[in-house]
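All remarks here apply to the structure that follows.
The values are calculated or read from the model by the stated rules, or taken from the named source; none is laboratory data. Quick caveat, the model's predicted, so the values are computed rather than measured. Glycine gets a Cβ as well: all are built from the backbone with ideal geometry, and neighbour counts include every protein chain shown. Heads up: the accessible areas ignore ligands, DNA and RNA and are worked out on the full protein's heavy atoms, side chains in. Shrake-Rupley method; radii C 1.70, N 1.55, O 1.52, S 1.80 Å.
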Amino acid sequence: MGLLNILDISSAGLDVQRSRLEVATANLANAQTTSSSAATAYQPLSVVVHSVVPDPTGQASADSLPRPVVESVEAMNVTPRRMFEPGHPDADAQGFVTYPGVDPVATMLDLISISRSYEANLKAFDITRSLLQRTIDIGGQR
Amino acid sequence: MFSIDPTLELIGRGLDACTLRQAVYSANIANVDTPGYQPLEVSFESELQNAARLTSGAPWPEQTEFLRTIEPAVVPSSTDTVHLDQQLALMAKNAIHYQQLLGAFERSMSLLRLAALEGREG
């Protein structure tokens, strides 16, 4: 049982939040991409996160606790938006342009929650690191 | 862990429990966005107190022998959702506890050192 392995848990948490951030920003960045049909439109993505226990048989320690991992990044099944813009180069025969079904408000809320979770993991990392430092200082000059 | 002094051994076990607790809070925070995650916590001090109550009349060596059998355990938390603020507050409290134990460890060691040096400074 060591403090060092606890840092791995917080790193796993930071990793997951970074992936969520990447996906959320990609969705926002691609929100205004145009296409002529639903089949070719940008599909908003979402991250599938699962918990994995590195060492399920061992005694209670940092390695017997669940860590989050990104299982996959998958396309969300949302219907694209169709806007009537007949002059647009990407307009179809009826004059409609297809935009991806990104929900900007939901994505912004996601970004806020990602930011909070990232901060919390960072704080946890920091606390563990300072405990580690104090432990290393045992027997040093006071 | 330590056989010189039961106090040092108890401090060591307290530090082990704090380390495990730090790991559990870290895991709770890391898994905050995992669907279906059951928050965890550590049970140790309450069991230690129970054990101490059970053996309160017994002589000290027997008591420490019994206390040695108490292991910190990871148990599911009573709540179903992780609250980041709550977990961070618990973690800060645990960190203070850990540092208190480290302080106690250092003071116990300096007592041993004083005894080893026969009371002379050096």
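Data for the structure
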item: Selection of trypsin sites (Lys or Arg not before Pro), the stretch B:66-108, meeting DSSP coil and at most 16 other Cβ within 10 Å; result: B:68
item: Paramagnetic reach from residue B:52 in the stretch B:67-95 [backbone N under 18 Å; point 7 Å along Cα→Cβ]; result: B:67-73, B:94
item: Cα Rg, Dmax (largest Cα-Cα span) when computed across the protein assembly as shown, Å; result: 26.4, 98
item: Averaged over B:66-75, number of beta-carbon atoms from partner chains that fall within 10 Å; result: 1
item: Of the DSSP H helices in chain B, those whose Cα atoms cover at least 24 Å axially and whose Kyte score averages -1.0 or more; result: B:6-30, B:84-116
item: Peptide A:11-19, shielding by other chains (average Cβ, 10 Å cutoff); result: 3
item: Residue with peak Gaussian network fluctuation, chain B [Cα springs, cutoff 10 Å], from B:14, B:57, B:103; result: B:57
item: Label-point gap, in nm, between residue A:71 and residue B:79 - each point 7 angstrom along Cα→Cβ; result: 2.5 nm
item: Rounded tilt (10° steps) of A:3-29 against the dominant C-alpha axis of chain A; result: 10 degrees
item: Listed residues A:87, A:101, A:13, most fluctuating in chain A (Gaussian network, C-alpha, under 10 Å); result: A:87
item: Principal-axis tilt of helix A:104-136 within chain A, Cα atoms, nearest 10 degrees; result: 10 degrees
item: A:115, B:46, reordered so the largest accessible area comes first (probe 1.4 Å); result: B:46, A:115
item: Share of carbon and sulfur in the accessible heavy-atom surface of the stretch B:20-122 [1.4 Å probe, %]; result: 58 percent
item: Spin-label pair residue A:48/residue A:103, simplified geometry with 7 Å Cα→Cβ offset, distance in nm; result: 2.0 nm
item: Accessible solvent surface per residue of the stretch A:4-142, calculated while the other protein chains remain in place, 1.4 angstrom probe, Å²; result: 57 Å²
item: Accessible surface buried once B binds A (1.4 Å probe; total of both sides; Å²); result: 2600 Å²
